[in-house]
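Q: My questions will all concern the structure given below.
Here, each number is a calculation from the coordinates, and none is a lab measurement. Computed from a predicted structure; not experimentally measured. Don't worry about glycine lacking a Cβ; one is built from the backbone with ideal geometry, like all the others, and counts go over all protein chains shown.
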Amino acid sequence: GMGPNGTAATVGSMDAVIWTYAVTTFAKGAFGRKRPVLYTDVAPEVAGVVKNQRSMPSGHTSMAFALATSYWLSRQNLGQEDKPWMRWALMAGAAGVGVLRVAAGKHHPSDVLVGAGVGIGTAILCHEIKF
């Protein structure tokens, strides 16, 4: 059920997602790194899109890891050790998102690693530090 702790965990997860999005968006602008696909022959109209200029870090990966980490921490904080495989499955899924982003030529491996770090770090901050 959604006891008082359940509500806190949900708010922590929402905070984590919002902050992850904010940090990722800021970092993309700060790094201004081009997506790998732009290093190959690509139509100029595709290259001109601002979104395509912003590769570092991977937003898909940071969001996936923020959600997976939030789930992990909220289960831990609620003392529910019932389905550890779910936590690992979500982490594996988040890693899979990163792998697919690289495979699709949308990101460099380092974009995905930094994205994972942003997502995990932000989720930990939002769950462990009580504002």
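Q: Starting from the 7 Å offset along Cα-to-Cβ, what nm value, one decimal, do you get for the label separation of F26 and N77?
A: Placing both labels 7 Å along Cα→Cβ, they lie 2.1 nm apart.
Q: If you don't mind, another one. Step through the residues of the range 90-99 one at a time and calculate ³J(HN,Hα) from phi using the Karplus curve (6.51 cos²θ - 1.76 cosθ + 1.60, θ = phi - 60°), rounding each to whole Hz and writing x for Gly and Pro.
A: Residue by residue, the range 90-99 yields 5, 5, 5, x, 5, 4, x, 4, x, 4 Hz.
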